[in-house]
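> Shown below is the structure under consideration.
The values are calculated or read from the model by the stated rules, or taken from the named source; none is laboratory data. Computed from a predicted model, the values in this text were never measured in an experiment. FYI the Cβ positions are ideal-geometry reconstructions off the backbone, even for glycines, and counts take in every protein chain you see.
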Amino acid sequence: MTSQLTRRGTKWSKQSWKCRGCGTKTRPHVAKGFCSDCYEARRDERYRRLKRLRERERYWRARVELLEKRWRSDQMTRTTEHPCRKAEAALDRALKAVAEGRAEFL
């Protein structure tokens, strides 16, 4: 390891020779192998994705409420399966999968 350090010079960060995003060594290291610009860009993209996810969640929650109101107004019998329960359960499963990183955004 010391031969690599003397041959190539000093490392840009503790674990990286250059930025993982753009490959530069000129901007300072911030975190996780990224320079200041790349780290900010990744952070901003993450917030944009979370904002889109929240908007979709609000839409689907409103949709479920609308279906519940319609179901009540139609006075469906209690023996039929409630259509909103399926939609709400599917939304909860999708949000859980996104939170765990198993699914992409819709």
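> Inspect the range 2-16 for any residue being modelled with pLDDT of 85 or more and not aliphatic (A, V, I, L, M) and give the result as yes or no.
Looking only at the range 2-16, we keep the residues that are modelled with pLDDT of 85 or more, and these are none.
Checked the range 2-16: no residue is modelled with pLDDT of 85 or more and not aliphatic (A, V, I, L, M).
> Would you call residue 23 out of contact with any strand residue (DSSP E or B) (no Cβ under 6 Å at 6 or more places or on another chain), at positive phi and free of Cβ contacts under 8 Å to residues at least 12 places away in the same chain? Write out each step before concluding.
Values: out of contact with any strand residue (DSSP E or B) (no Cβ under 6 Å at 6 or more places or on another chain): yes; at positive phi: yes; free of Cβ contacts under 8 Å to residues at least 12 places away in the same chain: yes.
Answer is yes for this residue.
> Oh, and also: What pairs come up if the first residue lies in the range 46-64 and is farther than 16 Å from residue 99 by Cβ, the second is at pLDDT below 90 and assigned to a helix (DSSP H, G or I), and their beta carbons are under 6 Å apart, counting only those six or more places apart or on different chains?
Here the result reads 64/84; 64/87; 64/88, each pair linking the range 46-64 to a residue that is at pLDDT below 90 and assigned to a helix (DSSP H, G or I).
> Within the range 53-84, count every residue that is assigned to a helix (DSSP H, G or I), modelled with pLDDT under 70 and not hydrophobic (A, V, I, L, M, F, W, C).
Residues flagged as assigned to a helix (DSSP H, G or I), modelled with pLDDT under 70 and not hydrophobic (A, V, I, L, M, F, W, C) within the range 53-84 amount to 2.
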